[in-house]
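Below is one structure, written out as structure tokens, with a few remarks after it.
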Amino acid sequence: MQYPQARPRRRPPSRPAPRRLRSVPFGTTNDELSALLRDYPGRFIGLARISGLIGMKGVRELERRVREEQFQALGVSALVDGIPASDRRYYPLYAKAVELDIPVRIYSSMNYATDRPYDLGHPRHLDQVAIDFPELTIIGGLGGWPWVNEMVALVRRHPQLHLDTSAHRAKYLGQHGSGWEMLLQFGNTLIQDKVLVGLSAGLVGQSHETLIKEYLDLPLKDTVKDKWLFGNAARIFGLS
């Protein structure tokens, strides 16, 4: 019996490997911000971004930035460092922040980098930090989205824990199904003294005036809008 000859298989066309989105440091460097603070005294609040991966070198830099260059806060990022906020490598920085009596802003949101876990910035990591450092004033950056409910619950739970709304448009906060419903409910009542507005004008590509108006249009009490937009930050950073 004669069988038909098998045809050679064609190789599928080669496809480029999927692009991996990597997390890299962004924004103004500490040295650039130091020059800004020096050139425009009293106009800006300096937040020193320090990695938890450089040990005591980072602690010494934080002390120098605060004592000699008038920085007023510490900033740490799980997104950049690839470790959660509760990692013990951050603890010397937190202890120094308590000693210096400055707040710490901690990245607290989902990330879209594909080279590290998406939930490095989950608000649950703030819980252990607040337990271990009850004197530390903490600002959960980016409002904890999409885990807003957990973020709001933790802000209620810990007296020194706050949140900010940076990187998000206020006009979406008020939309049904956006995931921000609990923040608008409790941010207008029980945690009204613990919410800070972050405009992120450069990131979202809108003017400060447009972004402020979006907050003024939210269904919040007028006294609460004043707190979100200025009063709470003034208290935390010692401006009032």
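How many angstrom lie between the C-alpha centres of the range 98-116 and the range 42-83?
One Cα centre to the other: 11 Å.
Using the 10 angstrom Cβ neighbour count as an exposure proxy, how do M151, M110 rank, fewest first? Don't skip to the answer; put the middle values down first.
Details: M151 26, M110 15.
Final ranking by Cβ density, sparse to dense: M110, M151.
Could you state the angle between the C-alpha long axis of helix 30-39 and the longest principal axis of the C-alpha atoms of the chain, as a value from 0 to 90 degrees rounded to the nearest 10?
Orientation of helix 30-39: about 30 degrees from the principal axis.
Quote the relative contact order of the range 44-236 in percent (integer), defining contacts as alpha-carbon pairs under 8 Å separated by 6+ residues.
14 percent
Would you mind counting up the charge near I191? Only other residues with Cβ under 11 Å from its Cβ, with Lys and Arg at +1 and Asp and Glu at -1.
On the way: positive: R156, R157, K194, K227; negative: D193.
Summing Lys and Arg as +1 and Asp and Glu as -1 gives +3.
Helix-only estimate, please: 222 nm mean residue ellipticity of the chain, summing -39500 (n - 2.57) across DSSP H runs of length 4 or more and dividing by its residues, to the nearest 500. Could the numbers behind the result be given before it?
Values: 12 runs with 91 residues, N = 240.
That comes out to -10000 deg cm²/dmol.
Which entry is the computed Kirkwood radius over Cα pairs in Å for this structure: [x] 19.0; [y] 19.5; [z] 18.4?
Computed from the coordinates, Kirkwood radius over Cα pairs in Å corresponds to [y].
What's the local net charge at I138, with K and R +1, D and E -1, over the other residues with C-beta under 13 Å away? Present the calculation step by step, with values, prior to reporting the outcome.
Numbers: positive: R105, R157, K194; negative: D127, D132, E135, D164.
Around I138, the surrounding residues sum to -1.
Counting Lys +1, Arg +1, Asp -1, Glu -1, what net charge surrounds P84 among other residues with beta carbon under 13 Å of its beta carbon? Before the final figure, lay out the partial values.
Details: positive: R88, R89, R116, R124; negative: D81, D87, D119, D127.
Around P84, the surrounding residues sum to 0.
If one takes the longest principal axis of the Cα atoms in the chain, at what angle in degrees, from 0 to 90 and to the nearest 10, does the Cα axis of helix 91-100 lie?
Taking the Cα atoms of the chain, the angle to 91-100 is about 20 degrees.
Within a 10 angstrom radius of the beta carbon, how do I139, I54, I191 rank from fewest other beta carbons to most? Provide the component values of the computation, followed by the final result.
Numbers: I139 25, I54 14, I191 21.
Listing I139, I54, I191 from fewest to most nearby Cβ atoms yields I54, I191, I139.
Can you bin the range 186-240 into rounded, prolate or oblate? Criterion: square roots of the alpha carbon gyration tensor eigenvalues sorted a ≥ b ≥ c, rounded for a/c under 1.5, prolate for a/b above b/c, oblate for the rest. Please report the intermediate quantities before stating the final value.
Numbers: a/c = 2.19, a/b = 1.33, b/c = 1.64.
It is oblate, given that a/c is not under 1.5 and a/b is not larger than b/c.
State the number of lysine pairs found in the chain whose Cα atoms come within less than 27 Å, restricting to pairs 8 or more positions apart or on distinct chains.
14
Quick one: I83, I106, fewest Cβ neighbours within 10 Å first, how do they rank? List each step's numbers first, then the result.
Numbers: I83 19, I106 26.
Sorted ascending by nearby Cβ count, the order is I83, I106.
Readers should treat all values here as calculations from the given coordinates under stated rules, not as data from a laboratory. Given the structure is predicted, the values throughout are model-derived calculations rather than measurements. Note that we place each Cβ from the backbone using ideal geometry, even for glycine, and neighbour counts take in every protein chain shown.
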